[in-house]
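Quick notes on the structure that follows.
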Amino acid sequence: MTEIIFLTQEDAFEYRNLTLKQYQGVLFTCGKENVIAVGASEEGKPLGLILACRRGKLGPQNDDPAQEHTPGQWQLCSIFIKEDSRAQCIGKKLWEALAGALASRGAWKISFQSVLREETERSLAGFFVAVGFQKPERIAKIFSYSGEKTLESSFVKACRKETRKEEGRFQMISPREISEEVLSELRKNEGNWYPAFVSPFIGWNQMNQECTVFAIDSVSGKMAAWITAMDVNNGDYLLYRTFFAREEFRGTSIGFYIFSEAIRRFYAFCPEKKALASIPMDNEKSMRFNELFFQGAHDHVSFEISAEYIF
């Protein structure tokens with residue numbers, strides 16, 4: 001008989017393999033006010049896990065160190081059922097237990113965001129709708145690149161040989177080199193000059209410091225653009241999560257130069273990793289930009305989806 005239990009920190013070790021490595025640190029804090037983990041087991045053997053944390057400092061999608069906890073908003077970090085235990089309503093039981101605990105803590109919304117292959121996306125979308133989530137939305141297309149195919153690109157060859165023309169106006173820096181003044185402006189985002197989806201703080205704690213690139217305008221001192229790269233899938237992949245240029249600099253060649261710098265840094269610091277690139281579904285210009293430089297060099301395509309449940 002399947003047993004559904006709220007996990008404590010002592011239980012977390014037994015369930016650690018049922019979530020991605022990037023969320024295991026969150027799992028090991030379960031039982032605290034800001035983290036809830038519910039496990040399914042049979043005869044003491046873990047079969048499934050659902051894990052959620054309050055949005056803010058512990059939130060995987062909103063982990064800017066300056067952020068405080070957001071009491072009523074939660075993030076669904078992961079839900080996983082072992083393959084041979086699926087189709088037994090275990091997922092529904094895990095969700096019902098979690099939803100009850102969230103409601104008792106005053107939650108008004110829980111969000112889920114993840115990158116999935118199309119077949120997994122379909123099955124998970126069906127589950128979410130069945131338990132009351134809003135219909136999941138595709139927010140980005142994720143391209144996976146192979147080293148051999150990508151190296152055939154003349155643009156990549158030029159970046160690796162550093163034969164491209166340098167742009168003197170913009171200073172290319174890593175996250176650790178951002179001044180406190182510029183970092184403060186980014187955090188405040190007054191006037192919402194960049195949309196939340198391309199926030200440079202998404203995945204801040206997973207950010208690859210060498211391959212993430214920020215561009216500073218040497219004339220005004222403003223942050224002009226960024227390309228953020230995150231270590232994902234246990235560090236085997238580098239996900240280029242956001243690519244953004246500030247509106248007043250879009251008439252310059254900033255996009256070309258920061259993209260070139262990102263390619264150069266990838267081959268300088270992480271050539272052994274596989275590369276993923278996230279492009280918003282409604283950003284036709286970036287889609288064309290991606291195809292222009294890489295000429296169909298991707299192995300496969302996944303989708304980043306977002307879903308919400310309102311209590």
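Some notes on this structure:
- Strands (runs of 3 or more DSSP E) enclosed by the stretch 33-98 - at least 2 residues per element that are at pLDDT 90 or above, among the polar types (S, T, N, Q) and within 25 Å of ALA130 (Cβ to Cβ): 73-81
- For the stretch 1-52, residues that are in contact (Cβ under 8 Å) with a residue 40 or more places away in the chain and polar (S, T, N, Q) total 3.
- Of all residues in the stretch 1-32 being assigned to a strand (DSSP E or B) and of a type outside the set (S, T, N, Q), the one that is farthest from ALA101 (Cα to Cα): GLU3
- Candidates in the stretch 177-213 are the residues that are among the aromatic types (Phe, Trp, Tyr) and in contact with an Asp or Glu (Cβ under 8 Å, 6 or more places away or on another chain); of these, the one that is farthest from LYS141 (Cα to Cα) is TRP193.
The values are calculated or read from the model by the stated rules, or taken from the named source; none is laboratory data. These numbers come from a predicted model, not from an experiment. Glycine also receives a Cβ, built like all others from the backbone with ideal geometry; neighbour counts cover every protein chain displayed.
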